[in-house]
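In what follows, a single structure is set out as C-alpha cells and then discussed.
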Amino acid sequence: MPSTEPAHRARSWWRDAVIYQIYPRSYADGDGDGVGDLAGLRRRLDHVAALGVDALWITPWYPSPMADGGYDVADPRGVDPLFGTLADAEELISEARRRGLRILVDVVPNHVSDAHPWFRAALAAPPGSPERARFHFRPGRGPGGDLPPNNWPSEFGGPAWTRVVEPDGTPGEWYLHLFAPEQPDLNWADARVRAEYESVLRFWFDRGVAGIRVDSATLLTKDPALPDLPGEGPHPYVDREDLHDVYRAWRRIADAYPDPRVLVGEMWLRDPARLARYLRPDELHTAFTFDFLRSPWDADRLRACIDATLAGHAAVDAPPTWVLCNHDVTRTVTRYGRADSSFDFAGKAHDVPVDPALGTRRARAAALLTLALPGSVYLYQGEELGLPEVEDLPADRLRDPMHFRSGGADPGRDGCRVPMPWSGTAPPFGFGPDGSDPWLPQPPAWAALTVAAQQTAPDSMLNLYRSALRLRRAATGGPTTTRSGLRWLPAPDGVLAFHGPGTLTCWTNLTSRQVPLPARHDVLLSSAPLTGGTLPPDTTAWLRPA
Ligand code: TEU
C-alpha cells in the first residue's frame with residue numbers, strides 16, 4: 001500500500017473497509033467480444049477510485065468452462081483467456097495498489113470444474129482409486145445402483161448426484177455435487193485437497209492480493225457416512241465442527257505475511273452465534289451478514305438483525321460485515337420496491353409487482369443506514385448506480401444454471417448480472433466498443449442510469465454514494481473509532497436512530513409518515529430532501545450535534 005498510509009490503519013484496514021464487488025464478465029469489455037475482461041476493468045479503475053472505496057473483491061477470473069459464471073474453476077492459479085492473462089491480473093493488482101486500492105480474489109474450495117485435471121483423472125481411474133478419493137464417489141442404491149447414494153438436493157435444484165460411465169462403458173459410480181453437475185465437490189478429508197488450497201492461498205497472497213473471499217464457506221466438510229437428510233445430530237454438510245480446522249490452517253498462512261491478508265467467508269448461516277464461531281481470532285477475519293440482506297424493509301427486523309450481529313461479533317472481537325446485494329440476489333432497488341421486501345432463494349418468483357420509485361427511495365435510505373453501521377460494508381457493482389434487477393431478459397439469453405435446473409421456476413441470477421452502463425444513450429452504453437453486443441442485453445432505459453449521466457446530476461445515486469463514502473471516511477477511519485459499537489437513541493416506532501462509530505448519528509425513517517428530527521443538529525447528508533426539521537418517509541439523515 002502507499003507508504004503514506006499510517007501503520008495502524010494498514011494493520012486494521014479490513015475492520016471498517018468499504019469493499020466493492022466486481023463481477024468481471026459484466027464490468028467493462030476491453031476487446032469487444034461482449035464479455036467484460038481485465039483490460040476493460042483496468043480502464044475503469046478511475047470510477048472505483050472516485051467512488052472512494054478501500055478495496056475490490058473480484059469474483060472468479062480463473063480458467064473455466066463457465067457452467068456457473070466461473071464458479072466452476074478448472075485451474076485456480078490461472079486467468080481465463082476470456083478475461084486476459086495472469087500477467088494482466090498481476091498488472092491489475094499493482095495498478096490498484098498504486099491507487100491505494102486493495103484486491104481480494106474469490107477462492108472456491110467446495111468444488112472444482114468437471115474440466116479440472118483432478119476430475120478428469122478421477123473419471124479415467126477405477127472405483128476405489130486415489131484419483132477418485134479427492135471427490136465423493138459412491139455406488140448407487142437400488143437394483144443395479146440406479147438410484148443416487150443419498151437424498152441430498154443440489155442448491156440449484158435436482159439431486160446432488162450424477163452417475164458416471166466407467167472407462168469400460170458400463171454405468172458406474174455416482175459423484176456428489178452440491179451445485180451443478182459441472183461442479184464436483186472435493187473431499188476435504190483428503191490431505192491432498194487441503195494442501196492444494198493452502199498452496200492456492202499462498203499463490204495469490206504472493207502476488208499481492210490482500211484477501212480472499214471464501215466461496216460457499218460453510219459447506220466444505222461432509223459427514224463421511226453421507227447419511228440421508230434429515231438426520232439426527234449435526235448436519236451432514238453445513239457448518240460442521242471439523243471445518244474450523246480448515247480455517248485455522250488458512251489463518252496461519254494469512255498471518256505469516258507481514259501486512260494483513262484477510263479471509264472473508266460467504267456463510268449463509270441464520271444463527272449469528274454459529275456465524276461468530278468462524279470469526280474467533282484464529283479463524284476467518286470476517287463473514288457476510290446475510291440476514292441483513294434477507295431482512296425486509298422493516299425497522300424491528302433490521303434492528304433485531306443489527307443487535308444480534310453486533311452481539312455475536314463482539315463476543316469474538318470481529319467486525320460485522322454488511323451487505324445489501326451481490327451477484328446471487330435480487331438487486332436492492334427491485335427488492336425494496338416489492339410488497340414483500342425480504343430476500344429468500346426459495347421464494348424467488350416471476351412477475352412480482354415492483355414500484356421502482358419506492359424501491360429506489362428505500363435503497364438510498366438503506367445505503368446511508370448501512371454505511372453508518374460499525375464494521376465493513378460490501379457494495380456490488382451497479383448498486384452505486386441504483387440499477388434494478390432486469391426481469392425481462394429474453395429466454396434465449398439466460399445462462400444461469402439456477403434457472404435451468406429449477407425447470408424455469410426460479411428466474412435465476414442473470415437479472416442482477418447485466419453489464420454495467422457507463423455512458424451514451426443506447427446499448428452497449430460504453431460497456432464495450434460501439435457496435436458490440438453485451439453477453440446479456442441492457443435495457444434502453446439505462447440511458448438515465450449511466451455513470452456519465454449520474455456524474456453530472458447532483459442528486460443521483462452515484463453522488464449519494466460518493467458523498468457518503470467521503471463523509472464515512474472522515475467520520476471514522478482510525479484505530480480509536482473502528483471498534484466502537486453503536487448506541488441506540490430514543491426514536492418513534494418504525495425509526496432507527498443511533499450514534500455509529502466516530503462522529504456520525506444516523507436516523508432512518510421506515511414509516512410512511514414524517515417524523516421530527518432532534519433539535520440543534522447539522523445535517524451532513526440525507527437520502528432525500530428534508531423539510532422543516534422533519535424526516536420524510538423512507539429517508540435516512542446523517543446528523544452531527546450543532
Ligand atoms: O454461492 C453459494 C451459495 O451457497 C448460495 O448462493 C446458495 O445458492 C444458496 O445458499 C442457496 O440456498 C456461491 C456463489 O456466490 C455463487 O455465485 C455460486 O453459484 C455458488 O457459490 C457455487 O460456487
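The values are calculated or read from the model by the stated rules, or taken from the named source; none is laboratory data. Bear in mind that the values here come from a model prediction, so they are computed numbers and not experimental data. Using ideal geometry, Cβ is built from the backbone for each residue, glycine included, and neighbour counts are taken over all protein chains shown. Note: accessible area is taken over every heavy atom of the protein model, side chains too, but ligands, DNA and RNA are not part of it. Shrake-Rupley method; radii C 1.70, N 1.55, O 1.52, S 1.80 Å.
Summary of values
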item: Solvent-accessible heavy-atom area per residue, rounded to whole Å², over the chain at 1.4 Å; result: 37
item: Peptides 257-264, 529-536, 358-365 ordered by average Cβ neighbours within 10 Å, highest first; result: 358-365, 257-264, 529-536
item: Estimated dipole of segment 117-176 in Debye, rounded to 20 [Cβ of Lys and Arg +1, of Asp and Glu -1, Cα centre]; result: 120
item: 5 angstrom amide H check on Leu489, placed H, neighbours 5+ away; result: Ala497, Phe498, His499
item: Global geometry of the chain, whether rounded, prolate or oblate, following the gyration tensor of its Cα atoms and the 1.5 cut on a/c; result: prolate
item: Cα gyration tensor category, rounded, prolate or oblate, for segment 485-545 with a/c compared to 1.5; result: oblate
item: Accessible area (Å², 1.4 Å probe, nearest 10) - Val164; result: 10
item: Segment 485-545 - percent relative contact order, Cα under 8 Å, separation 6 or more; result: 32
item: Extreme residue, positive dipole direction of the chain, given options Pro516, Ala366, Ala55 (C-beta unit charges); result: Pro516
item: 3J(HN,Hα) from dihedral phi, segment 149-157, Karplus parametrisation 6.51/-1.76/1.60, rounded to Hz, x for glycine, proline; result: x, 8, 9, 5, x, 6, 4, 9, x
item: Shape call, segment 366-517: gyration tensor on alpha carbons, a/c limit 1.5; result: prolate
item: Whole-percent carbon and sulfur share, accessible surface of the chain, 1.4 Å; result: 54
item: Cα-only radius of gyration and Dmax that characterise segment 117-176, units Å; result: 11.4, 32
item: Cβ-based charge dipole, the chain, positive-most Cα from Pro184, Ala468, Ala249; result: Ala468
item: In Å², nearest 10: area of Asp291 left accessible to a 1.4 Å probe; result: 50
item: Rel. contact order, % - alpha carbon contacts under 8 angstrom, at least six apart, the chain; result: 13
item: Phi-based couplings in Hz for segment 273-281 (Karplus 6.51, -1.76, 1.60; Gly and Pro marked x); result: 6, 5, 4, 4, 4, 6, 10, 4, x
item: Unit charges at the beta carbon, dipole of the chain: most positive-side option, Pro529, Thr503, Ala315; result: Thr503
item: About the Cα centre, charge dipole magnitude for the chain (Lys/Arg +1, Asp/Glu -1 at Cβ), debye; result: 2020
item: Exposed GluC sites (Glu not before Pro) absent - longest run of the chain, DSSP non-H/G/I/E/B, at most 11 other C-beta within 10 Å; result: 242-546
item: Nitroxide proxy distance, nm - points 7 Å out along Cα→Cβ at Val165 and Ala125; result: 2.3
item: For Ser113, distant residues with modelled amide H under 5 Å away; result: Val73, Ala74
item: Surface accessible to a 1.4 Å probe, Ile19 within the full protein complex, Å²; result: 0
item: Dipole magnitude of segment 387-546 about its Cα centre (Cβ charges: Lys, Arg +1; Asp, Glu -1), debye to nearest 20; result: 940
item: Beta bridge orientation in the chain: antiparallel %, DSSP, nearest 5; result: 55
